[in-house]
Amino acid sequence: MSIEKIDTLVVGGGQAGIAMSEHLTANGVPHLVLERHRIAERWRSERWDSLVANGPAWHDRFPGLAFSDVDKETGPDDFRSKEQVADYLVAYAEKIAAPMRCGVEVLKVERNVGRRGFRVETSAGPLEAINVVAATGAFQRPVVPDIVPADTAILQMHSTAYRNPGQLPEGTVMVVGSGSSGTQIAEEILASGRQVYLSIGPHDRPPRAYRARDYCWWLGVLGKWDAAAREVGREHVTIAVSGVDGGHSIDFRRLAAKGLILVGRTQSCANDAISFAGDLAQNIANGDAYLRALLDEADAYLARNGLELPEEPEARTILPDPDCLRSPILSLDLKKAGIATIIWATGFTSDYSWLKADTFDEKGRPRHQRGVSEEQGIYFLGLSWQSRRGSSFIWGVWHDARHIAEQIAIQRKYIEYHDNMSAKSTR
Ligand SMILES: Cc1cc2nc3c(=O)[nH]c(=O)nc-3n(C[C@H](O)[C@H](O)[C@H](O)COP(=O)(O)OP(=O)(O)OC[C@H]3O[C@@H](n4cnc5c(N)ncnc54)[C@H](O)[C@@H]3O)c2cc1C
């Protein structure tokens, strides 16, 4: 039986797979994208109902298509819903005629023995590929720390399973994690009238907008999306900001004034009591310091470039510390506090169990340089900090995909030379 052969197989049909397809086409590389579900599936079925893009429509997109090209009603400063983001990515895949097969899962990729390329097992049968790009995302497998035993009466879920407050049993909710997911979910549940605790770790807290420019613009002009290396110790520092209701900053003191109870990092649980690190004040102070430093840099940028934008001194206002910050709770009896649900907004890990390649470190993380792995023919795309801070975001992955496509095209030229010379010598 003849087996289907392709040059480059892209695994995953999210934004990374689509961007990869665009650049492979531009570089003349024949390829196929396999997606186990639907295009941009995670935006449709692994996110909560009210999620909107964290960046405005003019920013969180690929260069080749504006959101308003897909939906005329979209203004540049609008924050698109998760469904609209998915629809945009579908429209993009159609626009570039991405060779995409949906509903096909890649089960195993293994190097051929004694010849180039890989044997690929899929849910639709085997195929062979010279190159494989793992575009399966930075946010693959939900991480729930092993802290609260599963056999308590408390409902525990990861943020990927949260949909809306109506889904939760009566009672108080604890949200663990102070990135955009945790803070937005906590804010929504609080607004629904519940008592909510929010466990806060290290975070960056940019202003939603400053001096009439969105923070996405500021991080762009200040070169921060393009920052190439993570600072040691700040690899997992998340950004707390919201695009909900036209977008707003996350101010933990403002949320506490509305009734949110802030606690430090969740550490352990014993005898129905959950303990928090004594780092709440420090985490909040670091978030404030990040905000102030960004405002300083923004002011300096405007002065240096002679740009005039309306001044906004009130952006520096720090509200009074709430009780929960002045006297932090270090231990909480879950039953007495009436906690019925814990939502873990604690991030993700990768899952490359299908990829049998010698390019992972002892923690299963890809060993690579800007997505080019240590094993020839294997590439990664969409990783956090793959080449820069923006790498896992919609616009950032597009630039990383271009680099990988160029690297694949370069390797193809070397192989072409070899094959041509070999053919000549055997003539
Ligand atoms: C809550 C949340 C909010 C976010 N908001 C924003 C935002 O506002 N703006 C922004 O720019 N970024 C945002 N991001 C970051 C990023 O844009 C998204 O996570 C995005 O989904 C990543 O796209 P991706 O293509 O890299 O990965 P994914 O979207 O995860 O796509 C990977 C695809 O691979 C498929 N797949 C996996 N394994 C296989 C296999 N073995 N065979 C075949 N197919 C497979 C999956 O089904 C999936 O569709 C957000 C992330 C999260 C978690």
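What follows draws every value from the coordinates through simple rules; no lab data is involved. Because the structure is predicted, anything quoted here is derived from the model rather than measured. All Cβ positions, even for glycine, are placed from backbone atoms using ideal geometry, and neighbour counts span all protein chains on display.
For residue 55, what residues show an amide H to amide H distance below 5 Å, using hydrogens built from the backbone and excluding near sequence neighbours?
Distant-sequence amide H within range of residue 55: zero hits.
Name the long-range amide H neighbours of residue 108: under 5 Å, sequence gap of 5 or more, or other chain; modelled H, no Pro or chain starts.
Long-range HN contacts for residue 108: 121.
What order do you get for 402-408, 285-291 when each peptide is scored by the mean count of other beta carbon atoms within 10 Å, highest first?
Per-residue Cβ counts within 10 Å, averaged per peptide and sorted highest first, yield 402-408, 285-291.
Neighbour counts of other C-beta atoms within 10 Å: give me 248, 368 arranged from fewest to most.
By the 10 Å Cβ count, ascending, the order reads 248, 368.
Return P(r) of the stretch 143-344 (all Cα-Cα pairs; 5 Å bins starting at 0; whole %; ordered from short to long distances).
Per 5 Å bin, starting at zero, the Cα-Cα P(r) for the stretch 143-344 comes out as 1, 7, 15, 19, 18, 15, 11, 7, 4, 2, 1, 0, 0 percent.
Pop out the ³J(HN,Hα) list for the stretch 36-52 in order, Karplus 6.51 cos²θ - 1.76 cosθ + 1.60 with θ = phi - 60°, rounded to Hz; leave Gly and Pro as x.
6, 10, 10, 4, 6, 4, 4, 5, 7, 10, 10, 10, 6, 4, 8, 4, 10
When averaged across all projection directions, what area in nm² does the alpha-carbon convex hull of the stretch 120-232 cover?
For the stretch 120-232, averaging the hull's shadow over all directions gives 13.0 nm².
How about the stretch 299-400: which GluC sites (Glu not before Pro) there are in a DSSP loop, with at most 15 other Cβ atoms within 10 Å of their Cβ?
Passing sites in the stretch 299-400 are 308, 311, 362, 374.
Give me the Kirkwood hydrodynamic radius of the chain, using the inverse of the mean 1/r over all pairs of distinct Cα atoms, in Å to one decimal.
Final number for the Kirkwood radius of the chain is 23.5 Å.
Neighbouring Cβ atoms within 10 Å as the yardstick, rank 226, 333, 251 fewest first.
So the residues, fewest neighbours to most, are 333, 226, 251.
Using θ = phi - 60° and the Karplus relation 6.51 cos²θ - 1.76 cosθ + 1.60, list the HN-Hα couplings for the stretch 141-151 in order, rounded to whole Hz, with x at every Gly or Pro.
10, x, 9, 10, x, 7, 10, 9, x, 6, 8
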